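Just so it is clear, none of the values below were taken in a lab; they were calculated from the coordinates. Just so it is clear, the model here is predicted, and its values are computed rather than measured. When we count neighbours, we look across all protein chains shown, and the Cβ atoms used for this are built from the backbone with ideal geometry, even at glycine.
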Amino acid sequence: MLELIDQLNSKLRSKTVNGVVGFFEDEYSLLEAAEKTYAAGFRKFDTISPFPIHGMDDAMGLKRSVVPWFTFIAGSIGCAFGVWLQWWTSAVSWPINVGGKPMFSLPAFIPVIFELTILFGALTSVAGMLWLCGLPKVDPPVIDPDLTCHKFALFIPENDDGFNEQKAADHLRSLKAKDVRKTEF
């Protein structure tokens, strides 16, 4: 039983990476710092802000998410399942002819098909997002408690290509970071 608890704990516990973090005054300076950090050759860096910043994905060189593909595929499966379910229940499993109506009457089946499409797509979107983000995490590292309130940060991990602690710290200082320190995230 203890082994199972240890395995579950190791899966849910967040993996930390050492690195250098720089704090910035506002979202505009963080966006500019992300662009210059990407141009400097860093690829695994992360930005932390209390709200989403328009253009940050492009500044960091991030690819588009695959979550829309999860949603499309699951929605298509939900739509096909809805059509099959309605056909099977009305024409095969319990065929009752009411008033000369055809056994497969698509207009009557649209609400159920629509709802199953939305249900499959939405549930798969949420599950895919959680899986891609590695959530849930138990006891995540906290760089600074004010990052969720009013601070902005750029973190460069030590596993980035060509990482040198002094080089990364000097790079963040050259971008006018108000505070630069070594931390884990």
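What to note about this one:
- Within segment 136-185, the set of residues being assigned to a strand (DSSP E or B) and within 12 Å of F42 (Cα to Cα) comprises L154, F155, I156, P157.
- G121 farther than 30 Å from S90 by Cβ, touching a residue at least 12 places away in the same chain (Cβ under 8 Å) and surrounded by 13 or more Cβ atoms within 10 Å (Cβ to Cβ): no
- Of the residues making up segment 47-97, those that are of a type outside the set (A, V, I, L, M), more than 17 Å from A122 (Cβ to Cβ), assigned to a helix (DSSP H, G or I) and free of Cβ contacts under 8 Å to residues at least 24 places away in the same chain number 8.
- Matching residues, segment 39-71, being of a type in the set (A, V, I, L, M, F, W, C) and within 23 Å of C149 (Cβ to Cβ): F45, I48, F51, I53, M56, A59, M60
- Matching option when the condition is β-branched (V, I, T) and within 15 Å of I156 (Cα to Cα), among I73, I48: I48
- When residues of segment 33-42 are limited to those that are in a loop (DSSP other than H, G, I, E, B) and surrounded by 14 or more Cβ atoms within 10 Å (Cβ to Cβ), the one nearest to the chain's Cα centre (by Cα): F42
- Within segment 145-170, the residues that satisfy the criterion of being touching a residue at least 12 places away in the same chain (Cβ under 8 Å), out of contact with any strand residue (DSSP E or B) (no Cβ under 7 Å at 6 or more places or on another chain) and charged (D, E, K, R) are D160, D161.
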